[in-house]
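Single-structure report; data block below.
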């Protein structure tokens, strides 16, 4: 039996990746933060899903969960780790509460590293390890390669995931463990319903209020028109199973426009596009 740990498995990308992998014969450990979610996902996905109740920012909780994994998998080791758990903080840097920025980085960056460190022994990161080399899949974003107005906290966290993934991949070559990044663009998940309910209130009365409303509407419209979540699940499985995976897998519609051009265009061009399309200035 091949065992996978997916963080953030209660909804969205993590949930659907668990569903897809279970359908293809894997056993999935999935982290959730609420007991109700643990019971719901277990009932929906069946016996090959084992819920783990922890938050990636809780170092003790992470280590306790990994001990449980080790006791369950025995000599099999962990075939793969999918670091998916994350949050999205938005707002103009001029007014952004620093605690919001800290929370963003704590979840998306420090939490990812904490889970990875705890799982490395089960992935074969020891020259005398009894386990075969596993694989790490880090869920980044297209925002990890291009940053746009009001998404600095989220983009900063995903840029960090990109850098950590590159360094970690090169460090783990000695053990035969590969690290692959998946970069979803707009994906149809329940997150867009939460985004619609997001209040502009903290920034009401600032110079950015109307611009924030424009960006919020644009982002939600793109998300709801995005690729189905199953597209990301398919790519995650490919990244886990491929004998020679790419280092990055963008999951975006119209790849030329939404992936390549933002990296090829001069910064000043992107500045002007952002001003006209998002800020309406």
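What follows draws every value from the coordinates through simple rules; no lab data is involved. Being a predicted model, the structure only gives us computed values, none of them experimental. Neighbour counts run over all protein chains shown; Cβ positions are idealised from the backbone, glycine included.
Site pair residue 166 and residue 60 shows an inter-label distance of 3.8 nm when each label is modelled 7 Å from Cα along Cα→Cβ. Considering all C-alpha pairs of the stretch 152-257, those separated by over 23 Å amount to 44%.
Of all the options 160, 231, 36, the one that moves most in a Gaussian network model of the chain with Cα springs shorter than 10 angstrom is 36. Taking each residue as 0.36 nm, the span from residue 217 to residue 48 lengthens on full extension beyond its C-alpha to C-alpha distance by 56.9 nm.
Computed from Cα atoms, the angle from the helix 267-277 axis to the main principal axis of the chain rounds to 70 degrees.
Could you give the angle, 0 to 90 degrees to the nearest 10, between helix 152-171's Cα long axis and the longest principal axis of the Cα atoms of the chain? It is inclined by approximately 30 degrees. The distance between label points at residue 99 and residue 254 comes to 4.1 nm (points 7 Å beyond Cα on the Cα→Cβ vector).
Ellipticity at 222 nm from helices only: DSSP H runs of n ≥ 4 in the chain, each -39500 (n - 2.57), divided by the residue count, give -13500 deg cm²/dmol. In the chain, the longest principal axis of the Cα atoms and the axis of helix 35-45 are about 70 degrees apart.
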